[in-house]
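Worksheet for the structure shown next.
The values are calculated or read from the model by the stated rules, or taken from the named source; none is laboratory data. On a predicted model such as this, the values are computed, not experimentally measured, just so you know. Ideal geometry is used to build each Cβ from the backbone, glycine not excepted, and the neighbour counts take in all protein chains shown. When the accessible area is computed, the model is the full protein with side chains, heavy atoms only, and any ligands, DNA or RNA have been set aside. Shrake-Rupley method; radii C 1.70, N 1.55, O 1.52, S 1.80 Å.
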Amino acid sequence: MIRKQINGWGSCVADLYDMAKGKSFETDLFNSEEALRQAEQIAVDALWDRDIASGHFIWNEASARVLGYPPVVNDTSATWWQEQIHPEDQERVVEGLDQLIDGEGTLWWDEYRFLRSDGSYTRILDRGVVLRHPDGKASRMIGAMVDLTLRQQTRQCLRDAKEAVADIHHTKQDFLNNISHELRTPMTIIIASLELLSQSFPRPDQRYLFDMLGTSANQLKNLIDDLFNFSRLITHKGNLAKTLFDVRACVEKMINRFCPKAEGKGLRLECDISSDVPEIVYGSPDHIAQVLKNLLENAIKFTELGNVMVKVRTVPGREKQLLFSIQDSGIGIPIEKRYLLFRDFRQLDSSLTRKYGGPGLGLAASKKLVELMGGVIWAESEVGKGSTFSFTLPLR
């Protein structure tokens, strides 16, 4: 402020300066109150502002939704607020609040039943802060009321929705499990009957029909087995039984199982197990065999020329981990299609489904099995040059 006067101009400038300062203060005050009003409009809780001297309450718009009263009830007295409190809670709540106001505290909260406009009581959590004059006398309280009953109802609705989704999920999995189980027995009988009939020296034309029926029956049986195993994995019914086993024997047994199928397509099926791989490890041989089976089936299925190689290595720097790799010289996987790998019931291309068949469960089941055993599975591929599916397992 200018204190020195020059022909009266000093006081005039000072007044102008004070007026500008006051105008700035009014602008800041208006902006802050406008921000507060906007905040009240988007609030989900019932906000209240109580004048201690007069006992009047001012409520925000959300209080109409929380408490059920019309918006016109936005300026009430302390008496009205007390009358809405359940008679069994009223004395305790009012006495506790009065003690805080008459004392020196600033924070207050309580939980009680509040009468809604429809005559029902809802349980609320009320919280407030006391604003005091420099002499310590309470002048104002600002607080918020949360409808606990509404929150409990919302949480219950969410729980009910989750349970409904879980029931649907379990029903779907039970259906897969039951239908797969019921189909396996008749399918096994059909395959056995075809084998017996094919041994009765049929005519060449009949032999062709028996071979075609046998191939189709085995494909269907493999599909049923995949569905059965997949449903057990999803419902966590697969028993992760661990034991000591010969990892070389486990891999070689699976190689021998697929040799006829590979030779039938003119493919070389090879095995390469590093010399530093321990003979006896502790893990789940049945699950490892299932993963190898799924990956070998895919490798042979999608390879027309060349070879399929199974490799087992120790992981450098990790003595208790083994790396399994199934490498083929097949059609390969386009980079833009790789995100579909390991997804349930998905083939990379509909044309592949028509040409090669299969429900697209092998990789999805393999991923679940590997993760169940604490491992990681991934794929590397190049179109026209083949693919390599690898997984690591903690075996000791």
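Numbers at a glance
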{"item": "Highest to lowest packing among 48-54, 388-394, 99-105, scored as the average C-beta count within 10 Å", "result": "388-394, 48-54, 99-105"}
{"item": "Gain in span if fully extended, LEU148 to LEU196, counting 0.36 nm per residue against the direct Cα distance", "result": "10.1 nm"}
{"item": "Per-pair calculated FRET efficiency, R0 = 30 Å: ILE255 and GLU382 via Cβ, rounded to 0.05", "result": "0.75"}
{"item": "Solvent-accessible ranking of LEU240, LEU209, LEU67, LEU194, largest area first, probe 1.4 Å", "result": "LEU209, LEU240, LEU194, LEU67"}
{"item": "From phi via Karplus (6.51, -1.76, 1.60), per-residue ³J(HN,Hα) for the range 381-392 in Hz, x at Gly/Pro", "result": "7, 9, 4, x, 10, x, 9, 10, 9, 10, 8, 10"}
{"item": "Interchain or long-range residues, amide H under 5 Å from GLN321's placed H", "result": "VAL315, LEU395"}
{"item": "Cβ-based net charge around SER381, under 13 Å, with every Lys or Arg adding one and every Asp or Glu removing one", "result": "-1"}
{"item": "Relative packing of 290-303, 152-165, which averages over residues the other C-beta atoms within 10 Å, highest first", "result": "290-303, 152-165"}
{"item": "Residue-span extension gain [SER274 to GLN156] - 0.36 nm each, minus C-alpha spacing", "result": "36.8 nm"}
{"item": "Spin-label pair GLN206/ASP167, simplified geometry with 7 Å Cα→Cβ offset, distance in nm", "result": "5.5 nm"}
{"item": "Amide H partners (placed H, <5 Å) of LEU269, local residues excluded", "result": "VAL308"}
{"item": "Length released on extending from ALA289 to LEU240, taking residue separation times 0.36 nm less the Cα-Cα span", "result": "16.4 nm"}
{"item": "Entries in LYS337/LYS385; LYS265/LYS368; LYS293/LYS337; LYS265/LYS293 that, when Cα-Cα distance is taken, lie over 21 Å", "result": "LYS265/LYS368; LYS293/LYS337"}
